[in-house]
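See structure below.
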Amino acid sequence: MFLTALSGYLKPTRRLPEWRDNKARSLSKAAQLARRLVEAEGLPIKNFLPQQYLTDNFDNWFAESMLREIPVYGSRAGRLERVAARGLQLTDGAQNLGPDAASPPVWRDLQVRRTDFNRYLDWLRSVW
């Protein structure tokens, strides 16, 4: 009986079919995939998001959350490296990071690796 209850609590980790290869995806695409997963699985985190994200830009919350929870990579001087997002804001639809929308971006072409994204999905499933 205990194992039956435990198996209901520990859902198997489902991966998204849109991301079968090992390639990185743009941060904005990863945010859209995370939102779709939250909606499809009815995850409780949606009930705790600030109202402005639910009405304005739900995907933006996921992009900002990924910057805090997992490594995100971007280009600064032509090569891809892990971004340092402290003090910077997402711009251009979560494609770049800069001091503000009017300034040139510090980091361009933000990307998330599949393994890191899978860890983020596990985190989303475990929150609340």
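The values are calculated or read from the model by the stated rules, or taken from the named source; none is laboratory data. Since this is a predicted model, take the numbers as computed values, not measurements. Cβ sites come from the backbone with ideal geometry, for glycine too, and all protein chains shown count toward neighbours.
Summary of computed values
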{"item": "Verdict on Ala85 being crowded, with 18+ Cβ neighbours inside 10 Å, touching a residue at least 24 places away in the same chain (Cβ under 8 Å) and part of a loop (DSSP other than H, G, I, E, B)", "result": "no"}
{"item": "Selection count, segment 92-121, where residues are among the charged types (D, E, K, R), in contact (Cβ under 8 Å) with a residue 60 or more places away in the chain and not in a helix (DSSP H, G or I)", "result": "2"}
{"item": "Residues satisfying the stated conditions in segment 10-44, i.e. of a type in the set (Asp, Glu) and either outside any helix (DSSP H, G or I) or at pLDDT 90 or above (or both)", "result": "Glu18, Asp21"}
{"item": "Subset of segment 60-109 [over 14 Å from Ala34 (Cβ atoms) and of a type in the set (A, V, I, L, M, F, W, C)]", "result": "Ala77, Leu80, Val83, Ala84, Ala85, Leu88, Leu90, Leu97, Ala101, Ala102, Val106, Trp107"}
{"item": "Residue within segment 45-60 that is touching a strand residue (DSSP E or B) at 6+ places or on another chain (Cβ under 9 Å) and modelled with pLDDT of 90 or more present", "result": "no"}
{"item": "Failed condition for Asn57, given (1) in contact (Cβ under 8 Å) with a residue 12 or more places away in the chain; (2) within 19 Å of Lys29 (Cα to Cα); (3) buried (at least 16 other Cβ atoms within 10 Å of the Cβ)", "result": "(1)"}
{"item": "Identity of the residue in segment 61-78, modelled with pLDDT of 90 or more and of a type in the set (Gly, Ala, Ser), that ends up farthest from Asn118 (Cα to Cα)", "result": "Ser75"}
{"item": "Members of segment 94-128 that are under 29 Å from Asn47 (Cβ atoms), among the small types (Gly, Ala, Ser) and more than 13 Å from the chain's Cα centre (by Cα)", "result": "Ser126"}
{"item": "Output for segment 70-82, where each listed residue is buried (at least 17 other Cβ atoms within 10 Å of the Cβ) and part of a loop (DSSP other than H, G, I, E, B)", "result": "Ile70, Val72"}
{"item": "Check on Glu39, more than 11 Å from the chain's Cα centre (by Cα) and acidic (Asp, Glu)", "result": "yes"}
